[in-house]
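Asks: Before I ask anything, let me first share the structure, which is written out below as structure tokens.
The values are calculated or read from the model by the stated rules, or taken from the named source; none is laboratory data. Note that the structure is predicted; figures quoted are calculated from it, not measured. Because the Cβ atoms are built from the backbone with ideal geometry, glycine has one as well, and the counts that use them run over all protein chains shown. Remember, those area values only see protein heavy atoms, side chains included, never the ligands or the DNA or RNA. Shrake-Rupley method; radii C 1.70, N 1.55, O 1.52, S 1.80 Å.
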Amino acid sequence: MRIIGGTYRGYSLVSPNDYSVRPTSDKVRGSVFDILENGNTKFNFNGNYVLDLFAGTGALGLEALSRGAKFCSFVENKKSSQILIQKNITKLNIAHATSILKLDATCLGLAKNTAQFNIAFIDAPYGNALSTLALTSAINGGWLDNNAIIVIEEKLDNNVILPAKVTVYDHRFYGKTQIIISRYKTD
């Protein structure tokens, strides 16, 4: 795994030694960021706040930081993944622009002492409807800014139910993976 674009382009990331974490492949991650920056959302990462739910290795949030995001909160409740994320943050020397929140992404609670996030990545373990639960938790807890972009990675044959006020902008398929890019609007 490596950073695909931006300031840290080409940097390798620390990967898991086993299959307990399923990182987004470089190819899919590169496609997602290309769609975000050049597709119909025309999302500009500069100065934005990123929420990486089920962060795993932190690759999605780190990619966003490399492309100019101001801050990323990595939400991960698994200790071994928290260690991977911390190693990657240290390797890139970007602790000042990050936080690791040791929370269950499906039970975030009310957002406290944090800016609302402009973009959220949700890469839940496949097949448990956790993507929908995490997105609902983020919305109900006030974690997302109006017009926030949401990127969900899910197994191809899983049906993802989006909450009200979330509109799909793009839906792509990569082998056994689907990527749903949507927007949350409060008004």
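Asks: Which whole number of Å³ per residue matches the convex hull of the alpha-carbon atoms in the stretch 1-99?
Replies: 88 Å³
Asks: On to the next question. Once phi is turned into θ = phi - 60°, what whole-Hz ³J(HN,Hα) does the Karplus curve with 6.51, -1.76 and 1.60 give for every residue of the stretch 119-129, x standing for Gly and Pro?
Replies: 8, 10, 9, 10, 10, 6, x, 5, x, 10, 6
Asks: Still on this model: In debye, nearest 20: dipole of the stretch 51-129 around its Cα centre with unit charges on the Cβ of K, R (+) and D, E (-)?
Replies: 240 debye
Asks: Work through the residues other than Ser66 whose Cβ is under 15 Å from its Cβ and net out their charges, Lys, Arg +1 and Asp, Glu -1.
Replies: +1
Asks: Keeping every protein chain present and rolling a 1.4 Å probe, give me the accessible area per residue for the chain in Å².
Replies: 47 Å²
Asks: What is the spin-label model distance, in nm, from Ser31 to Ala97 if the labels are put 7 Å beyond Cα along the C-beta direction?
Replies: 2.6 nm
Asks: Give me the three principal axis extents of the stretch 52-150 from the C-alpha atoms, as integers in angstrom, largest value leading.
Replies: 33, 28, 22
Asks: So for the pair Thr167, Lys79, with labels modelled 7 Å out along Cα→Cβ, what separation do we get in nm?
Replies: Taking the two extended label points, one gets 4.6 nm.
Asks: May I pose another question? Which one of Ala164, Ala95, Ala124 has the biggest mean-square fluctuation once the chain is modelled by GNM with Cα springs under 10 Å?
Replies: Comparing Ala164, Ala95, Ala124 in a Gaussian network model of the chain, the most mobile one is Ala164.
Asks: Go through the stretch 1-94 and name the trypsin sites (Lys or Arg not before Pro) that are in a DSSP coil and have 11 or fewer other Cβ atoms within 10 Å of their Cβ. Before the final figure, lay out the partial values.
Replies: Values: sites: Arg2, Arg9, Lys27, Arg29, Lys42, Arg67, Lys70, Lys78, Lys79, Lys87, Lys91; in loops: Arg9, Lys42, Arg67, Lys70, Lys78.
Of the trypsin sites (Lys or Arg not before Pro), the ones in loops of the stretch 1-94 whose Cβ has at most 11 other Cβ atoms within 10 Å are Lys42.
Asks: Please list, in chain and number order, the residues 5+ apart from Ile100 or on another chain whose amide H is under 5 Å from its amide H, with Hs placed from the backbone.
Replies: Long-range HN contacts for Ile100: Phe74.
Asks: Multiply the residue separation of Leu110 and Val14 by 0.36 nm, subtract the distance between their alpha-carbon atoms, and state the gained length in nm to one decimal. Display every interim value, and only then the final one.
Replies: Details: separation 96, 0.36 × 96 = 34.56 nm, distance 3.14 nm.
Once the chain is fully extended between Leu110 and Val14, it gains 31.4 nm.
Asks: OK, next. Find the Cα radius of gyration of the stretch 106-180, compare it with 2.2 N^0.38 Å by division, and give the number to two decimals.
Replies: After normalising by residue count via 2.2 N^0.38 Å, the value is 1.09.
Asks: For the stretch 1-156, what % of the accessible area comes from carbon and sulfur atoms, probe 1.4 Å?
Replies: 49 percent
Asks: Among (1) 21, 18, 18; (2) 33, 24, 18; (3) 36, 17, 14, find the value of semi-axes √(5λ) of the Cα gyration tensor in Å that was calculated from the structure presented, and write down its label.
Replies: The calculated read-out lines up with (1).
Asks: Determine how large the accessible area of Thr90 is when every protein chain is in place; take a 1.4 Å probe and give Å² rounded to the nearest 10.
Replies: Looks like 90 Å² after rounding.
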